[in-house]
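Student: Dumping the structure here so I can ask a few things about it.
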Amino acid sequence: MDQTTDSLCKTQSLENVPLIMQILAASFCVSEKAANVIRNIMKTGNLGIVEKAKNDLQTEADRAAQRCIVASLHRQFPKVPIFGEESLDPQDVIPEELIETEMSADVLKHPCPTGFQNLKDDDIVIWVDPLDGTAEYTQGLLDHVTVLIGVAVNGVATGGIINQPYHNYQAGPDAKLGRCIWGLVGLGSFGFERQKPPEGENIITTTRSHSNRAVTEAVEACQPSSVLRVGGAGHKVLLLIEGKVHAYVFASKGCKKWDTCSPEAILHAAGGRLTDLLGMPIPYHSQVAFGNSSGVLATVSNHDWYVSQIPQDIREMFQPAPDTPPAKV
């Protein structure tokens with residue numbers, strides 16, 4: 001972990017700290033370590049790229065960051081289910097240098113909302129995307145890259161971390177690199193500056209690399225003044241919460257729970273909404289199917305209007321899939 005990060009001494013008592021605050025504080029610090037892993041692998045120039053499926057890449061940074069995040073959180077919260085994007089050998093021996101056990105003092109100084117003070121291990125599920133925006137990572141579009149750690153409570157996206165390892169990377173060699181945004185519903189979202197979206201416009205963000213007829217028609221039906229095509233669900237929601245776009249519209253079954261849990265929680269904590277394309281909530285309990293089979297729609301305001309604009313023929317393409325139990329990592 002970066003030595004400048006404000007962290008909690010391991011010996012400090014956590015007896016009276018609610019579980020969800022401990023998980024968020026730990027996730028903040030482990031996301032910083034994962035961000036360092038991602039940057040260090042990029043520096044080597046040996047990305048170890050494999051193609052999991054068509055237009056679905058995995059790099060050594062994805063693999064190492066997931067090992068770091070999952071092993072670190074498992075060590076501290078062994079009874080909390082954790083689901084990660086990458087399929088890794090469960091027998092892998094994780095090097096100690098990848099383990100982070102510090103907790104962010106900045107997170108822990110905040111009061112826990114009343115409804116989350118007495119949660120148990122089995123009330124919570126953690127969803128991990130160790131490197132969101134892998135294609136962009138390999139193409140040098142580094143501001144698109146995020147580390148996502150989402151915390152669901154009783155199946156609802158409730159807290160999360162979006163770490164942007166390369167934030168400010170084009171600002172010069174002396175600029176501070178990277179940032180970590182976090183949030184908890186009922187408490188707020190932290191680590192970013194919000195501006196008011198441009199008045200008189202309707203800027204919509206969507207995928208840059210997974211477009212098709214449905215994606216294009218759903219975006220156009222929402223009457224955009226302009227369309228911003230970028231990589232990564234985490235990056236798109238960051239643009240939304242910062243006020244750079246008005247909506248994120250994605251009429252595709254390509255998104256997964258680890259793509260949206262953290263962004264949804266942080267957006268909700270900031271006053272916005274993220275649902276499926278039909279305006280229905282996305283469930284995140286431990287028995288849910290991985291895929292977001294009804295697409296993604298995220299806004300900071302006028303959410304119902306955007307839902308109403310989705311054409312009927314596209315709505316009929318996206319119906320919820322039956323829940324199937326995934327395997328924990």
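The values are calculated or read from the model by the stated rules, or taken from the named source; none is laboratory data. Not measured: the values here are computed from a predicted model. For neighbour counting, all protein chains shown are included, and Cβ atoms are generated from backbone atoms with ideal geometry for every residue, glycine included. Note: accessible area is taken over every heavy atom of the protein model, side chains too, but ligands, DNA and RNA are not part of it. Shrake-Rupley method; radii C 1.70, N 1.55, O 1.52, S 1.80 Å.
Student: Could you tell me which numbered condition Asn168 fails, if it satisfies all but one of (1) open to solvent by 10 Å² or more (accessible area, probe 1.4 Å); (2) touching a residue at least 12 places away in the same chain (Cβ under 8 Å); (3) touching an Asp or Glu at 6+ places or on another chain (Cβ under 9 Å)?
Tutor: The number of the failed condition is (2).
Student: When both residues are 6+ apart or on different chains and their Cβ atoms are under 6 Å apart, which pairs have a first residue that lies in the range 195-211 and is farther than 21 Å from Ser301 by Cα, and a second that is of a type outside the set (D, E, K, R) and assigned to a strand (DSSP E or B)?
Tutor: Between residues of the range 195-211 that are farther than 21 Å from Ser301 by Cα and residues that are of a type outside the set (D, E, K, R) and assigned to a strand (DSSP E or B), the close pairs are Arg208/Val230.
Student: Name the residue, out of Val156, Val145, that is open to solvent by less than 40 Å² (accessible area, probe 1.4 Å) and touching a residue at least 12 places away in the same chain (Cβ under 8 Å).
Tutor: Going through Val156, Val145 in turn, just one is open to solvent by less than 40 Å² (accessible area, probe 1.4 Å) and touching a residue at least 12 places away in the same chain (Cβ under 8 Å): Val145.
Student: State yes or no: is Ile69 among the β-branched types (Val, Ile, Thr) and within 16 Å of Ile38 (Cβ to Cβ)?
Tutor: Criteria met by Ile69.
Student: Now, a different point. In this structure, is Asp143 touching an Asp or Glu at 6+ places or on another chain (Cβ under 8 Å) and assigned to a helix (DSSP H, G or I)?
Tutor: When the stated conditions are applied, Asp143 does not pass them.
Student: Okay, moving on. List the pairs whose first member sits in the range 252-268 and is more than 17 Å from Ser294 (Cα to Cα), whose second member is open to solvent by 20 Å² or more (accessible area, probe 1.4 Å), and whose Cβ atoms are under 6 Å apart, counting only residues at least 6 apart or on separate chains?
Tutor: Final answer for the pair search is Ile266/Ser189; His268/Val185.
Student: Sticking with this structure for a sec: So is Leu177 in contact (Cβ under 8 Å) with a residue 40 or more places away in the chain and either open to solvent by less than 30 Å² (accessible area, probe 1.4 Å) or outside any loop (DSSP other than H, G, I, E, B) (or both) or not?
Tutor: Criteria not met by Leu177.
Student: Moving on. Only one of (1) buried (at least 17 other Cβ atoms within 10 Å of the Cβ); (2) touching a helix residue (DSSP H, G or I) at 6+ places or on another chain (Cβ under 7 Å); (3) closer than 30 Å to Gly186 by Cα fails for Ala214. Which number is that?
Tutor: Result: Ala214 fails condition (3) only.
Student: Working only within the range 65-76, note down all residues that are touching a residue at least 12 places away in the same chain (Cβ under 8 Å), touching a strand residue (DSSP E or B) at 6+ places or on another chain (Cβ under 8 Å) and either on the phi > 0 side of the Ramachandran plot or of a type outside the set (S, T, N, Q) (or both).
Tutor: Selection gives Ala65, Cys68, Ile69, Val70, Leu73.
Student: Considering only residues of the range 303-316 that are in contact (Cβ under 8 Å) with a residue 24 or more places away in the chain and assigned to a loop (DSSP other than H, G, I, E, B), which is surrounded by the most Cβ atoms within 10 Å (Cβ to Cβ)?
Tutor: Ile310
Student: Would you mind listing the strands (runs of 3 or more DSSP E) fully within the range 28-138 where at least 3 residues are surrounded by fewer than 17 Cβ atoms within 10 Å (Cβ to Cβ) and at pLDDT below 95?
Tutor: Filter on the range 28-138 gives 50-53.
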